[in-house]
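Here the structure comes first, spelled out in structure tokens, and everything after it is commentary.
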Amino acid sequence: MTDKAAFQDVFQQYAKLASDDTLTEAEKTGRYSFHEISFDSIAKDISKKLDLRPDLSLLDVGSGAGDITFRLSPAPRRITLNDHAEVLKRVKNLSQRQSIEIHAGNLLELDSCLGPFDRILCYSVLPILPEHAVFPAIDKLVGLLSIGGKLLIGDLPNIDKKERFEISRESKRVSIKKEFEAKRSSLASVDPVNSHERHFLFNDINNLKLISYLRQKHCEAYLLPQPLELPFGCTREDILVVRL
């Protein structure tokens, strides 16, 4: 299966989630239900890392219905939401949001003419992609970024970081460990969106390989921790990219 075809297969599954009325609002976008209470904290962390300003343009790839996007502060002058058309139908009060543009379609098929953008957010997207679509997705994101612009590839798992957390927190931060275990036990036994495609293995070595790949594309790239209060702050991390 080609990169675009594999991506489209996952993309269509998110459309099914968006129309499933048995799910919570967070679950309809492929997130877990407990994410909803953390949207403000997630948005605060993103806003700081992207150094947002009112004079900037922002593309949010995999935006869902804008649950996090509309909490970003200060809000950029122009925001483009990108997701499946069925997902974007859930955007509330769109007519009252004059600075918001909607662009349905999957990441790999985004037209380069849509950009460039001063800031790009791609949060919780790479982990659900088929393995062979990860690097083409990164190429597309960088291509849509303006010179000097910043891209946040957020909420990346790291199985090595998770192992370190589980070992080190057993005796030192029992309360956090218990909270983490409660969250983990509440998850379904499978990911919100299933795919027969092999997924990229996010660990110390491979996450650093992503950094190296981005630097070879004439970008500065940095691996950043997440605040512990975020849903998976103890086990996930972000990549901040600056296009040179």
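Which members of segment 46-60 meet the condition of being within 14 Å of the chain's Cα centre (by Cα) and either part of a loop (DSSP other than H, G, I, E, B) or over 23 Å from Ile102 (Cβ atoms) (or both)?
Scanning segment 46-60 gives a single hit, Lys49.
Which number in (1) surrounded by 14 or more Cβ atoms within 10 Å (Cβ to Cβ); (2) closer than 26 Å to Ser168 by Cα; (3) touching a residue at least 24 places away in the same chain (Cβ under 8 Å) marks the one condition that Asn206 misses?
Going through (1) surrounded by 14 or more Cβ atoms within 10 Å (Cβ to Cβ); (2) closer than 26 Å to Ser168 by Cα; (3) touching a residue at least 24 places away in the same chain (Cβ under 8 Å) one by one, Asn206 breaks only (3).
Of everything in segment 210-240, what is basic (Lys, Arg) and under 14 Å from the mean Cα position of the chain (by Cα)? Give them in sequence order.
Matches in segment 210-240: Arg236 only.
For segment 64-71, indicate whether the set of residues that are more than 23 Å from Gly143 (Cα to Cα), surrounded by 13 or more Cβ atoms within 10 Å (Cβ to Cβ), among the aliphatic types (A, V, I, L, M) and modelled with pLDDT of 75 or more is non-empty.
For segment 64-71, residues more than 23 Å from Gly143 (Cα to Cα), surrounded by 13 or more Cβ atoms within 10 Å (Cβ to Cβ), among the aliphatic types (A, V, I, L, M) and modelled with pLDDT of 75 or more: present.
I need the full set of residues from segment 209-244 which are surrounded by 18 or more Cβ atoms within 10 Å (Cβ to Cβ) and not aliphatic (A, V, I, L, M), in order please.
Cys219, Gln226, Pro231, Phe232, Gly233, Cys234, Thr235, Arg236, Glu237, Asp238, Arg243, listed by residue number.
For residues in segment 94-151 being of a type in the set (Val, Ile, Thr) and not in a loop (DSSP other than H, G, I, E, B), which is modelled with the lowest pLDDT?
Result: Ile128.
Please verify whether Asp155 is at positive phi, modelled with pLDDT of 95 or more and surrounded by 14 or more Cβ atoms within 10 Å (Cβ to Cβ), treating the condition exactly as stated.
yes
Could you please let me know if Ser63 is assigned to a loop (DSSP other than H, G, I, E, B), of a type in the set (S, T, N, Q) and in contact with a strand residue (DSSP E or B) (Cβ under 7 Å, 6 or more places away or on another chain)?
For Ser63, the condition - assigned to a loop (DSSP other than H, G, I, E, B), of a type in the set (S, T, N, Q) and in contact with a strand residue (DSSP E or B) (Cβ under 7 Å, 6 or more places away or on another chain) - is met.
Just a yes or no: is a residue in segment 224-235 closer than 28 Å to Thr24 by Cβ, outside any loop (DSSP other than H, G, I, E, B) and modelled with pLDDT of 95 or more?
Scanning segment 224-235 turns up at least one residue that is closer than 28 Å to Thr24 by Cβ, outside any loop (DSSP other than H, G, I, E, B) and modelled with pLDDT of 95 or more.
Within segment 184-205, is even one residue at pLDDT 95 or above, of a type in the set (Gly, Ala, Ser), on the phi < 0 side of the Ramachandran plot and not in a loop (DSSP other than H, G, I, E, B)?
No, segment 184-205 has no match at all.
Which condition number does Val87 fail, the rest of (1) surrounded by 20 or more Cβ atoms within 10 Å (Cβ to Cβ); (2) in contact (Cβ under 8 Å) with a residue 60 or more places away in the chain; (3) within 14 Å of the chain's Cα centre (by Cα) being met?
Result: Val87 fails condition (3) only.
Output yes when any residue across segment 107-130 is basic (Lys, Arg) and either over 24 Å from Arg243 (Cβ atoms) or within 12 Å of the chain's Cα centre (by Cα) (or both), and no when none is.
Taking every residue of segment 107-130 in turn, none turns out to be basic (Lys, Arg) and either over 24 Å from Arg243 (Cβ atoms) or within 12 Å of the chain's Cα centre (by Cα) (or both).
Working carefully through the options Ala75, Ala43, find the one that is among the small types (Gly, Ala, Ser), surrounded by fewer than 23 Cβ atoms within 10 Å (Cβ to Cβ), under 18 Å from Lys150 (Cα atoms) and within 13 Å of the chain's Cα centre (by Cα).
After applying the criteria, what remains is Ala43.
Identify, please: which residue in segment 17-37 is out of contact with any Gly (no Cβ under 9 Å at 6 or more places or on another chain) and part of a helix (DSSP H, G or I) and is, among those, nearest to Asp67 (Cα to Cα)?
Glu36
Kindly check whether there is at least one residue in segment 96-116 that is surrounded by fewer than 16 Cβ atoms within 10 Å (Cβ to Cβ), closer than 22 Å to Ser19 by Cα and of a type in the set (D, E, K, R).
Yes, because at least one residue in segment 96-116 is surrounded by fewer than 16 Cβ atoms within 10 Å (Cβ to Cβ), closer than 22 Å to Ser19 by Cα and of a type in the set (D, E, K, R).
With the structure loaded, tell me whether Glu166 is at pLDDT 50 or above and of a type in the set (D, E, K, R) or whether it fails that test.
Taking the combined requirement at face value, the residue satisfies it.
The values are calculated or read from the model by the stated rules, or taken from the named source; none is laboratory data. Just so it is clear, the structure is predicted and the values come from calculations on it, not from any experiment. Cβ coordinates were reconstructed from backbone atoms using ideal geometry, including for glycine residues, and neighbour counts include every protein chain displayed.
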